[in-house]
Amino acid sequence: MRAVLCGYYGMGNGGDEALLAALLQMLPDAVTPIVLSGNPAQTRDRYQVEAIPRKSLSAVIAALQRSDAFIWGGGSLMQDASSALNPVYYGGLMLLAQAMGLKTIAWAQGIGPLNRPFSRWLTRTALAHCVQVSVRDRNSEALLSQWQRPCLLAPDPVWGLEPEPVDGLWDFPAPRVAVALRPHKNLTQPRLESFAQALGNFQKATGVCILLVPFQPAKDLAIAQFLADYLTQQNSGPHHLYHLTQPQQLKGLFRGVEMTIGMRFHALVMAAAEGCRSFAISYDPKVDAIAHDLSLFGWTLSPFSPSLPLLPFPTDPQTLCKTWLDFYANGEALSPDQIQSQVDRAFMHQDLLATALLAEE
């Protein structure tokens, strides 16, 4: 059996690469994957799988013609907050695969935000004809319940991704604190400057080593470099900018970290899964959702009413720093039992794959 895997793969985003790695880890042995990728050569080399250009319609159609299944492979694919074209691309391919008679699976999805009527219609139509659907948050489950579309709710599959050790990590002094920011219109330059000042003061007060982790370097590297330059200028303490391309190593990094300040969704997943205290900065409902599910403390950049347990992002460096100091001293990581529960439930996505792909017609 062949299955076409469709996601935001080969685009330099560590979270989506981790989803692909988790999907390949959970895919039944009897299924041969064909991955749609923005960088097919890199995907082939990294995962030892067949990969084709995600934007080549002829190549995609040819792959569908010789395949038995089509899988949306995790993440917030059907959302129109970042681009109105997202649902058109992913939904269009799903409908095409269904029209060609393939088994279709929506796997580990975070549905929404869907601000446009056409996006909602397209998503609902595509999901209606999937043989199986799984989602990773309660908001998506609630939306599908409104649409009367049964689905499995389970934690993000990256909880179950096998981590790998990171060369050189243990050469940096402990304790270590990871920072994973991403650009966003509400993370304004004044807010970023306050963040940098607070981070420097926090480091001076605690003596921690700061690890700056750009999950999507094309977008995040400039922010990470800005923070690195500030810490250097202030001579606040040791820091290192970690640019990791292997998702298993990216997750393994958090095994050697005491605390994470994470804006990236999968930074929070990986940190929590590896027993790290996780402080959330939300810019999106998916971050709100994981903060709520795991009772993470943190802030929201949303201009609207904050979603508990998140509070509005402070405006002054003193409040930022004091909050981190309190969290560093008193915050708690998930217990081993809580982590194991999340991991065990994440593998429900694996069971769904086996049921959908290997079931007799």
Förster-model FRET efficiency, 22 Å R0, Asn330 and Asp293, C-beta, rounded to 0.05: 0.55
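What is the extension gain from Gln234 to Lys55, computed as 0.36 nm multiplied by their sequence separation minus the C-alpha to C-alpha distance, in nm to one decimal?
59.9 nm is the gain from fully extending Gln234 to Lys55.
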Fewest-first ranking of Thr232, Thr104, Thr323, Thr355, using other Cβ atoms within 10 Å as the exposure measure: Thr232, Thr355, Thr323, Thr104
Theoretical gain in end-to-end length, Gln246 to Arg2 [0.36 nm per residue, Cα-Cα removed]: 85.4 nm
Degrees separating the helix 85-99 axis from the principal Cα axis of the chain, which is the longest one: 30
Charge dipole magnitude, Cβ of K and R +1, D and E -1 - the chain, Cα centre, debye nearest 20: 920
Efficiency of FRET from Cβ geometry, Lys204 and Ser341, R₀ 30 Å, rounded to 0.05: 0.20
In order through the range 259-275: 3J(HN,Hα) via Karplus (6.51 cos²θ - 1.76 cosθ + 1.60), integer Hz, x for Gly, Pro: 8, 10, 9, x, 9, 6, 3, 6, 5, 5, 4, 5, 4, 4, 5, 9, x
Alpha-carbon gyration tensor eigenvalues x 5, square-rooted, for the range 22-152, Å: 24, 16, 15
Computed label-point distance, nm, for sites Gln65 and Trp170 using a 7 Å Cα→Cβ extension: 5.4
Over the chain: helical MRE at 222 nm, DSSP H runs n ≥ 4 each giving -39500 (n - 2.57), nearest 500: -14000 deg cm²/dmol
Rough spin-label spacing in nm, given labels placed 7 Å along Cα→Cβ, for Ala142 and Asp316: 3.5
Under 5 Å, built H, 5+ apart or other chain: amide partners of Leu241: Leu212
Listed candidates [x] 31, 25, 18; [y] 36, 21, 19; [z] 38, 29, 18 - label of the one calculated as semi-axes √(5λ) of the Cα gyration tensor in Å: [y]
Between helix 189-206 and the chain: long-axis angle, C-alpha atoms, 0 to 90°, nearest 10: 60
Options Met26, Ala62, Ala198, ranked by Cα towards positive dipole end of the chain, top entry (Cβ charges): Ala62
Formal net charge of residues neighbouring Cys151 (Cβ-Cβ distance under 15 Å; K, R +1; D, E -1): +1
Proximal lysine pairs, the chain, alpha carbons under 22 Å, eight or more residues apart or interchain: 8
Positive dipole terminus of the range 238-361, leading residue within Leu358, Ser335, Thr245 (C-beta point charges): Thr245
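Counting Lys and Arg as +1 and Asp and Glu as -1, each charge on the Cβ, what is the dipole of the range 262-361 about the Cα centre in debye, to the nearest 20?
460
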C-alpha long axis of helix 217-234 to longest principal axis of the chain, angle in °: 10
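So if each residue of separation counts as 0.36 nm, and I subtract the Cα-Cα distance between Lys219 and Met100, what length gain in nm does that give?
39.2 nm
Every number here is computed from the coordinates shown, using simple stated rules; none is lab data. Note that the coordinates shown come from a computational prediction; the quantities given were computed from them, not determined experimentally. Backbone-built Cβ (ideal geometry, glycine too); neighbour counts: all protein chains shown.
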